[in-house]
1. Counting only residues that are closer than 22 Å to GLU126 by Cα and small (Gly, Ala, Ser), which one in the stretch 362-396 is modelled with the lowest pLDDT?
2. So ILE343 ticks every box in (1) surrounded by 15 or more Cβ atoms within 10 Å (Cβ to Cβ); (2) part of a strand (DSSP E or B); (3) at pLDDT below 85 but one. Which box is left unticked?
3. Name every residue in the stretch 80-132 that is surrounded by fewer than 20 Cβ atoms within 10 Å (Cβ to Cβ), among the polar types (S, T, N, Q) and within 18 Å of the chain's Cα centre (by Cα), in order of residue number.
4. How many of the residues making up the stretch 252-277 are among the polar types (S, T, N, Q) and part of a loop (DSSP other than H, G, I, E, B)?
5. Looking only at residues in the stretch 44-67 that are of a type in the set (D, E, K, R) and farther than 16 Å from PRO115 by Cβ, which one is surrounded by the most Cβ atoms within 10 Å (Cβ to Cβ)?
6. Residues that are touching a Cys at 6+ places or on another chain (Cβ under 6 Å) and over 25 Å from LYS166 (Cα atoms): does the stretch 282-295 have at least one?
7. Any idea how many residues of the stretch 258-278 are under 19 Å from HIS119 (Cβ atoms) and either at pLDDT 95 or above or outside the structural domain of ASP30 (by TED's automatic domain parsing) (or both)?
8. Specify the residue that is surrounded by the fewest Cβ atoms within 10 Å (Cβ to Cβ); the eligible residues are those in the stretch 134-173 that are more than 20 Å from the chain's Cα centre (by Cα) and aliphatic (A, V, I, L, M).
Amino acid sequence: MDRFNINLFLAPTSPSLAFRLFRTKYLKEDTVPILEGNSYEYIKQAYYGGIVDTYIPLAHNVKCYDVNSLYPYAMFTFQLPVGQPTFISGDNIQLKDIFGFARVRVTAPLDLKCPTLPHKILIDGEFKSIYPVGIWDGTYFTEELKNLEKYGYKFDVLDAIIFEKKEVIFKDFIETLYEIKKNSNSGEPWYLLSKLMQNSVFGRFGMNPSMESSKRIKKDELAKYADKYTITDTFDFGDGYYIWYKNPRAKASNVSVGIAAAISAYSRMYMTDFIIPNQDYICAVDTDGIKILINLNAKDVDPKQLGKFKFEGEYIKYVSTGPKEYAGIKLDSFTSEIKFKGIKKEHNTLTIHHLEYLLYGNKLKIKQNKWYARPKESTIEIKEQDFTISCSKNKREWLYDSMGKIIGSRPFLLLDGKITSWKETPVLHYITRPAVIEPLISLPIPKLISLSTHKIMSLPSPKLPPPCCRRQQGG
């Protein structure tokens with residue numbers, strides 16, 4: 001890439017290209033810690049994605065706004081945790097005095113209609129990120145918690161990993177790429193590449209330092225690999241195995257999950273300051289976009305400025321059955337727009353009337369093609385299957401009218417981390433600390449990610465079987 005004097009062949013993906021550009025051109029020496037072991041395990045619990053939720057299932061005159069480059073804006077603007085981390089615990093840690101990641105007891109006020117602090121919980125056999133009210137324990141970025149205190153949240157710090165420094169490390173990197181994007185036409189190579197690199201570099205920091213590899217081997221080689229590596233899974237191909245393994249002696253990658261977790265938290269902070277003050281009017285949020293019943297303040301809207309909202313249009317009628325499941329009739333063209341996760345575009349025959357039908361507790365079936373791999377026969381079979389859809393029930397609690405139609409929603413209520421019925425609304429007392437705290441007792445001093453003065457190895461991607469083969473036995 002002549003523009004930045006970078007060899008594209010050493011960076012086969014956009015995240016690796018963005019990471020290489022940042023390290024070689026913009027990262028100061030000995031700034032970002034390489035986090036592994038206990039520090040990685042602690043901080044990764046604070047690594048959540050963007051806010052994705054549906055609040056109002058049926059509305060009219062709904063305005064749609066998206067933030068111009070939400071994650072790049074957070075990278076451009078806010079200070080990130082750098083330098084050496086230190087683990088602290090004790091009875092008198094004040095949130096206002098620390099910068100880093102803290103394990104806390106959360107008390108979220110019951111009158112919040114659209115809470116924005118995430119929590120992972122087991123629902124129907126799967127861990128889901130929800131945005132509850134009530135009381136629970138969790139690990140979060142300290143600056144996100146400080147911002148939520150103004151909305152009535154209370155936190156008691158149990159322990160924390162704090163960082164010796166905080167710096168805005170991505171400002172020049174984002175400024176360069178955003179200017180390229182702003183001065184390019186949508187769809188042009190430089191527009192697409194600059195957009196990809198802005199959004200992908202922070203995720204590269206959040207990778208697991210102990211990466212899993214995969215390889216096809218002969219059957220008589222299995223014992224040799226088991227002695228040398230930690231084998232996590234195998235697939236029997238008949239004349240050999242496909243194995244997934246980790247190298248316990250491998251050097252940690254140049255990753256730092258604290259950078260990724262902080263950027264994601266800052267992005268939620270930014271959206272929170274639009275969601276909670278407007279919680280009576282918000283219909284839905286999808287990471288960097290909101291659907292709302294009122295116009296945003298003019299000072300917050302600019303289609304070209306980094307971090308400002310851009311107006312995407314208005315629906316004269318809007319129906320949603322859950323996050324990433326909605327239909328709307330556009331005001332400017334009176335045409336319908338339908339998006340429904342899990343349904344392929346070519347099979348999406350839904351209309352806004354179908355989604356409104358689902359609000360009555362009904363279900364619909366849609367036929368879709370599904371691919372089945374037969375690795376032993378080296379074939380792939382395509383079968384038509386029924387795909388049943390209904391209103392999502394695992395993010396918030398639906399509210400119904402006397403006819404059984406969904407007319408609204410409310411957040412899940414947690415007491416001591418468990419979903420509790422709203423039928424007997426409790427009075428929440430601020431519980432200071434759990435009875436037993438098990439702190440991390442060992443935190444190794446991490447190495448620091450340096451400038452790219454040494455050659456960075458780029459290994460070719462292994463040839464994998466089709467995704468539907470992986471971790472399935474037999475045909």
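The values are calculated or read from the model by the stated rules, or taken from the named source; none is laboratory data. Only a predicted model underlies this, so the values are computations on that prediction, with no experimental measurement involved. Here Cβ is always computed from backbone atoms with ideal geometry, including for glycine, and neighbour counts include all displayed protein chains.
1. Checking each candidate, the answer is SER392.
2. (2)
3. Listed by number, the list holds a single entry, SER129.
4. Counting residues in the stretch 252-277 that are among the polar types (S, T, N, Q) and part of a loop (DSSP other than H, G, I, E, B) gives 3.
5. Once the filter is applied, the top-ranked residue is LYS63.
6. Checked the stretch 282-295: at least one residue is touching a Cys at 6+ places or on another chain (Cβ under 6 Å) and over 25 Å from LYS166 (Cα atoms).
7. Selection size over the stretch 258-278: 12.
8. For the stretch 134-173, the residue satisfying everything is VAL168.
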